[in-house]
Amino acid sequence: MSITTVGIIGAGTMGNGIAQACAVSGIRVVMVDISDAAVQKGLATVAGSLDRLIKKEKITQADKDAALARIQTSTRYEDLQAAQLVIEAATENYELKLKILQQVDGIVAPEVIIASNTSSISITKLAAATSRADRFIGMHFFNPVPMMALVEIIRGLQTSDATHEAVKQLAVALGKSPITVKNAPGFVVNRILVPMINEAFFVLAEGLATPEDIDAGMKLGCNQPIGPLALADMVGLDVCLAVMDVYLAEFGDSKYRACLLLREMVAAGRLGRKTGRGVYQY
Ligand SMILES: NC(=O)c1ccc[n+]([C@@H]2O[C@H](COP(=O)([O-])OP(=O)(O)OC[C@H]3O[C@@H](n4cnc5c(N)ncnc54)[C@H](O)[C@@H]3O)[C@@H](O)[C@H]2O)c1
């Protein structure tokens, strides 16, 4: 199946990023959110991002105009009927996603593939709630979408080979490098990344080194672009803790227990950059 129009549900951080990636690659987009204000904000973010690419001489004004002309915005799910693939990138909430997916499932044609950009909800479980479990898949983009090369493609237990192939081809058409992952909490990247951040808190709690030296060690010794503690401050310590607690609950393996220091810092409201203080002061 050739995908020429992609429907996107949610015009927030991820939704507008996915819209931009599609539009600059020549794919038409229908981007839907709950209000005009939300879709206009998403569209303005894309325009601003394209302006920065013009400044860096990566694209021309004509490229920007053509990309924006490919993005149709709407507040009606009915407008998703133009798409061969719908990517759900709405707020991370199971009940909300279930409601959206069941509504959209009843509106778009049976052959349309539906994907979710969820970071933590089971693709198998979401697929089972639709009438097209074999045409349901996870497409986990990374933030900021226009810059990040990776897309994790998550196969639910029911996902068909044809669905997997179509979505993989689309990811490549967007200039991304997809990897294929079986459905499991954290998929691949966050499954490895978040326990590593948690381990950095154990190292800090044991007083093995200062935060600065722990981060410098991982940057200089492992070529990581940012140290794990500085990264925790960026992601949000509450998000890191919530992810560890999901792993512990889902896998039932004590290797996923959150470091007590991480839990204490969250309880104290030291959530990272967003609260002005985490491991570091901002
Ligand atoms: N932010 C990240 O770094 C990141 C990375 C990978 C995956 N994700 C996942 O992507 C998804 C979106 O995250 P985000 O960071 O873009 O969130 P966000 O809060 O920036 O955007 C979510 C958007 O969904 C819209 N929305 C809410 N209910 C809706 C509905 N019923 N219909 C249509 N739109 C609706 C909101 O108005 C909002 O504009 C989540 O599932 C998240 O877990 C986020």
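The values are calculated or read from the model by the stated rules, or taken from the named source; none is laboratory data. What you are looking at is a predicted structure, and each value in this text was computed from that prediction instead of being measured. Note: ideal-geometry Cβ built from the backbone for every residue, glycine included; neighbour counts use all protein chains shown.
Side notes on the structure shown:
- Some residue of segment 46-68 being within 12 Å of the ligand (Cβ to nearest atom) and either more than 27 Å from Lys125 (Cβ to Cβ) or in contact with a His (Cβ under 6 Å, 6 or more places away or on another chain) (or both): no
- Selection of segment 1-48 for residues being farther than 29 Å from His164 by Cβ and polar (S, T, N, Q) yields Ser35, Gln40, Thr45.
- Qualifying residue in segment 131-150 (condition: β-branched (Val, Ile, Thr) and within 30 Å of Gly106 (Cα to Cα)): yes
- Annotation note: of Arg277, Arg273, Arg257, the sole residue that is surrounded by fewer than 21 Cβ atoms within 10 Å (Cβ to Cβ) and under 26 Å from Phe141 (Cβ atoms) is Arg273.
- Within segment 120-129, considering residues that are buried (at least 18 other Cβ atoms within 10 Å of the Cβ) and not aliphatic (A, V, I, L, M), the one modelled with the highest pLDDT: Thr124
- Selection from segment 28-49 of residues that are buried (at least 22 other Cβ atoms within 10 Å of the Cβ) and either among the hydroxyl-bearing types (Ser, Thr, Tyr) or closer than 21 Å to Ala173 by Cα (or both): Val29, Val30, Met31, Val46
- Single residue of segment 117-129 satisfying the filter (in a helix (DSSP H, G or I) and not aliphatic (A, V, I, L, M)) that is farthest from the ligand (Cβ to nearest atom): Thr124
- Qualifying residue in segment 89-99 (condition: within 8 Å of the ligand (Cβ to nearest atom), modelled with pLDDT of 95 or more, surrounded by 19 or more Cβ atoms within 10 Å (Cβ to Cβ) and within 21 Å of Cys22 (Cα to Cα)): yes
- For segment 267-282, filtered to residues that are part of a loop (DSSP other than H, G, I, E, B) and of a type in the set (Ser, Thr, Tyr), the residue that is nearest to Cys240 (Cα to Cα) is Tyr280.
- Screening segment 130-244 for strands (runs of 3 or more DSSP E) wholly inside it with 2 or more residues that are surrounded by fewer than 19 Cβ atoms within 10 Å (Cβ to Cβ) and not aliphatic (A, V, I, L, M) returns the ranges 177-182.
- Residue in segment 70-86 that is over 20 Å from Val172 (Cβ atoms), within 10 Å of the ligand (Cβ to nearest atom) and free of Cβ contacts under 8 Å to residues at least 40 places away in the same chain present: no
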